[in-house]
Amino acid sequence: MNFEYQMLALASALFVLAFAPASLAKYQAFGTKWMASNRDAKPQEALPAWGERCERAHNNLKDNFPSFIAAVLILGALGRFDSSTHILVLIWVIGRIMHFGAYALGNVPVRFMGYMMGIVSNLILLAKVFIP
């Protein structure tokens with residue numbers, strides 16, 4: 001399997017697991033009954049700050065993941081994987097892990113660096129779709 005697809009699989013695992021910290025915070029703050037409900041009524045309690053940050057980090061990942069998936073799959077279909085795509089997908093995955101962890105911990109400078117690593121590497125990957 002190409003390295004780019006391996007990184008896509010790793011990013012998918014991160015995506016699947018990224019809901020867990022915010023869900024844990026909701027479980028601790030709102031309890032089992034609310035977690036098992038349709039959630040029609042908004043809870044009166046607030047999530048702890050770390051839970052709110054984890055939820056925002058997960059939402060940010062949901063916003064940014066689709067374009068990464070598209071870039072990797074299209075580049076693979078076009079047979080355009082090369083040493084630069086190898087590095088770019090690695091930067092994207094590392095950046096997104098940094099972003100999520102730093103967001104959860106409230107570390108703004110590292111969060112920003114991780115975010116920019118993801119955005120810039122993804123933009124370059126998408127550009128490589130159109131510019132061989």
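The values are calculated or read from the model by the stated rules, or taken from the named source; none is laboratory data. Predicted model only: the values in this text are computed from it and were never measured. Every residue, glycine as well, gets a Cβ built from its backbone with ideal geometry; the counts of neighbours run over all protein chains shown.
Please work out which residue is surrounded by the most Cβ atoms within 10 Å (Cβ to Cβ), limiting yourself to region 41-82 and to residues that are closer than 20 Å to Val129 by Cα and of a type in the set (Phe, Trp, Tyr). Among those residues, the one meeting the criterion is Phe68. Screening Ala36 against (1) surrounded by 14 or more Cβ atoms within 10 Å (Cβ to Cβ); (2) over 29 Å from Met1 (Cβ atoms) leaves a single unmet condition, (1).
Being assigned to a helix (DSSP H, G or I) and touching a residue at least 60 places away in the same chain (Cβ under 8 Å) is the filter here, so list the residues in region 74-113 that pass it.
As a first pass, look at region 74-113 and keep what is assigned to a helix (DSSP H, G or I): 74-77, 83-105, 108-113.
Correct list: Leu75, Gly76, Thr85, His86, Val89, Leu90, Trp92, Val93, Arg96, Ile97, Phe100, Ala104.
When region 83-107 is filtered for residues that are farther than 15 Å from Lys128 by Cβ and aromatic (Phe, Trp, Tyr), the ones remaining, listed by number, are Phe100, Tyr103.
Does Ala13 fit the bill of being touching a helix residue (DSSP H, G or I) at 6+ places or on another chain (Cβ under 7 Å), under 22 Å from Lys62 (Cα atoms) and modelled with pLDDT of 90 or more? Let's see the steps before the verdict.
On the way: touching a helix residue (DSSP H, G or I) at 6+ places or on another chain (Cβ under 7 Å): no; under 22 Å from Lys62 (Cα atoms): yes; modelled with pLDDT of 90 or more: yes.
In short, no.
Only a single item in (1) within 30 Å of Leu73 (Cα to Cα); (2) of a type in the set (Val, Ile, Thr); (3) more than 24 Å from the chain's Cα centre (by Cα) is not met by Val16, and it is number (3). Scanning region 50-109 for residues that are within 18 Å of Leu24 (Cα to Cα), touching a Gly at 6+ places or on another chain (Cβ under 8 Å) and of a type in the set (D, E, K, R) returns a single hit, Arg53. Taking (1) modelled with pLDDT of 95 or more; (2) over 18 Å from Tyr115 (Cα atoms) in turn, Ala29 satisfies each apart from (1).
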